[in-house]
Amino acid sequence: MKTDMKDVLTGLDRYEVFLEKLEEEIRNVGDDRIVIVYTDIKHFKYINDTYGYKVGDALLRDFVNEFMKAEGIIICAARVYSDNFVTANRIAADGPSNEEFRDIIHRLNQERETKFREKYLSSRLQFSTGISVIDKNSRRLDAETAVSNANLARKVAKEMENDCCVLFDQSMMEGIKREVEITSSIPRALSQREFKVYFQPKIDTETLLLIGAEALIRWQKPDGSFIYPDEFIPLIERSGQIVDVDYYVYREVFAFLAARLKEDKWVVPISVNVSRVHLSRMHILEYVKVLLEEFQVPCSLVEFELTESIYLENTERALELIKGLHKLGFKVSMDDFGSGYSSLNLLSKLPIDIIKLDRVFLKEGEMQENDRIIISCVVDMARRLKITSLCEGVETLEQSNYLKEVGCQMQQGFYFSRPIPQEVFEKLLDENGEI
């Protein structure tokens with residue numbers, strides 16, 4: 001076979017050749033099944049960046065040697081690109097079921113991960129695999145669609161912490177359709193003002209009076225139904241549309257504050273969320289300057305919240321953003337503190353103004369002694385660092401009283417109020433903030 005039909009690094013078929021072979025196999029599938037296995041090496045970039053491309057190339061060749069040991073069932077294999085590989089495997093009608101085959105691949109992945117981590121000194125190395133199946137009932141599928149289905153399952157596997165191998169099913173396609181439907185609707189929803197800003201009150205621990213609020217987004221369709229944030233926020237973060245939605249919220253908050261100030265009505269500081277996408281673009285400071293000039297709202301009335309994970313992922317960019325916001329006069333908070341692998345060292349590096357303890361410390365039912373100790377220590381640490389403490393997720397009187405006991409300065413949660421529409425929040429302000 002001509003050398004240009006092979007991948008130079010691994011000796012596998014080029015992807016175009018693989019698809020041609022797979023098409024032929026699909027036409028002759030008979031009573032057997034063809035199982036497409038699509039795998040990538042999670043954190044492969046870490047190997048390249050840490051040990052160099054020579055080591056990365058050696059890892060790819062070793063990986064190919066490992067999975068080609070199953071040559072008895074592999075029909076053809078290819079490197080799609082970089083560290084993405086695909087194999088087509090023929091399984092006899094009386095062979096393992098689809099689920100059993102998935103379990104086999106899952107076990108092999110785990111064995112290979114252990115072997116490769118020892119050899120390449122990387123505890124981060126992990127294989128993510130998606131599987132799709134072609135049988136006599138689905139042989140109308142073309143090769144590219146079959147591979148695409150396996151690739152979609154791989155993407156699902158890559159986002160899962162405990163499962164490195166996922167079998168494709170049709171519900172995944174429904175998920176893709178839903179994602180396309182949502183992301184394609186964002187421009188219209190923004191222009192037609194379908195997004196509504198809700199406010200969740202923040203309460204002073206000592207007085208139990210309203211002293212602030214967090215602005216949260218809700219999407220209300222023309223028919224009155226809602227698409228809730230946990231459904232659309234992750235999708236628009238991936239698409240980058242979160243920036244436009246965030247800017248929409250910022251403008252609404254500035255306009256809300258400006259209107260009340262113009263009428264000499266009472267206002268409290270409002271916090272707005274900052275997506276991780278902003279750190280890669282860094283246009284946010286310029287946009288906020290435009291809002292300041294347009295609405296003339298005092299900076300003391302707006303606070304910017306970044307989640308703990310954003311600080312951890314890109315500390316330098318986060319520091320740059322904090323300094324920029326501070327220079328303009330805004331306060332900055334660390335949201336969801338304790339939700340992940342907290343780095344206490346961040347608190348000494350980053351000049352944040354407010355720390356928001358994640359609701360994970362306030363579990364349902366009675367407070368556990370370990371959680372009490374952690375909350376007490378974090379609140380005390382924040383006080384010593386001259387950082388304001390706020391605990392979110394407060395749902396019971398016991399929790400609220402304990403936070404007062406340890407000196408947590410602010411509270412937020414369903415015990416006081418759920419996120420409420422603007423008109424309800426305005427009424428609350430007009431009643432002098434008595435919850």
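The values are calculated or read from the model by the stated rules, or taken from the named source; none is laboratory data. No experiment lies behind these values; they were computed from the predicted model shown. Neighbour counts run over all protein chains shown; Cβ positions are idealised from the backbone, glycine included.
Before moving on, here are some points about what is shown:
- Hits in region 379-391 - residues which are of a type outside the set (Ser, Thr, Tyr) and free of Cβ contacts under 8 Å to residues at least 40 places away in the same chain: VAL379, ASP380, MET381, ALA382, ARG383, ARG384, LEU385, LYS386, CYS391
- The single residue among ASP223, ASP230 that is free of Cβ contacts under 8 Å to residues at least 12 places away in the same chain and over 28 Å from VAL156 (Cα atoms) turns out to be ASP223.
Yes/no matrix, rows are residues, columns are (1) within 20 Å of LYS158 (Cα to Cα); (2) within 34 Å of the chain's Cα centre (by Cα):
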site: LEU19; (1), (2): no, yes
site: GLU23; (1), (2): no, no
site: LYS54; (1), (2): no, yes
site: LEU59; (1), (2): yes, yes
site: ARG90; (1), (2): no, no
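- Residues of region 296-310 satisfying the condition of being surrounded by 18 or more Cβ atoms within 10 Å (Cβ to Cβ) and outside any strand (DSSP E or B): VAL297, LEU301, GLU308, ILE310
- Residue count for region 167-197, restricted to those that are under 16 Å from GLY240 (Cβ atoms), in contact (Cβ under 8 Å) with a residue 12 or more places away in the chain and among the hydrophobic types (A, V, I, L, M, F, W, C): 4
- The sole residue among ILE227, ILE242, ILE233 that is assigned by TED's automatic domain parsing to the domain that holds TYR402, farther than 28 Å from SER389 by Cα, of a type in the set (A, V, I, L, M, F, W, C) and modelled with pLDDT under 95 is ILE227.
- Some residue of region 404-420 being closer than 22 Å to ARG260 by Cα, at pLDDT 90 or above and among the aromatic types (Phe, Trp, Tyr): no
- Test for ASN48: is it at pLDDT 90 or above and either under 20 Å from LYS158 (Cα atoms) or touching a helix residue (DSSP H, G or I) at 6+ places or on another chain (Cβ under 8 Å) (or both): no
- Those residues of region 359-378 which are surrounded by 11 or more Cβ atoms within 10 Å (Cβ to Cβ), free of Cβ contacts under 8 Å to residues at least 40 places away in the same chain and under 25 Å from the mean Cα position of the chain (by Cα), in sequence order: VAL360, PHE361, LYS363
- Selection from region 252-291 of residues that are among the charged types (D, E, K, R) and touching a helix residue (DSSP H, G or I) at 6+ places or on another chain (Cβ under 6 Å): ARG276
- Restricting region 13-28 to residues that are closer than 16 Å to ALA150 by Cβ and out of contact with any Cys (no Cβ under 7 Å at 6 or more places or on another chain), the residue that is surrounded by the fewest Cβ atoms within 10 Å (Cβ to Cβ): GLU23
- Taking the listed residues ARG90, ARG79, the one that is surrounded by 20 or more Cβ atoms within 10 Å (Cβ to Cβ), assigned by TED's automatic domain parsing to the domain that holds ASP135 and not aromatic (Phe, Trp, Tyr) is ARG79, with no other qualifying.
- Only one entry in ARG33, ARG14 is of a type outside the set (A, V, I, L, M), over 19 Å from GLU113 (Cα atoms) and either touching a helix residue (DSSP H, G or I) at 6+ places or on another chain (Cβ under 7 Å) or not assigned by TED's automatic domain parsing to the domain that holds GLU113 (or both), namely ARG14.
- Scanning region 365-395 for residues that are part of a loop (DSSP other than H, G, I, E, B) and of a type in the set (Val, Ile, Thr) yields ILE387, VAL394.
- Hey, ASP49 assigned to a loop (DSSP other than H, G, I, E, B) and loosely packed, with under 15 Cβ neighbours inside 10 Å or not: no
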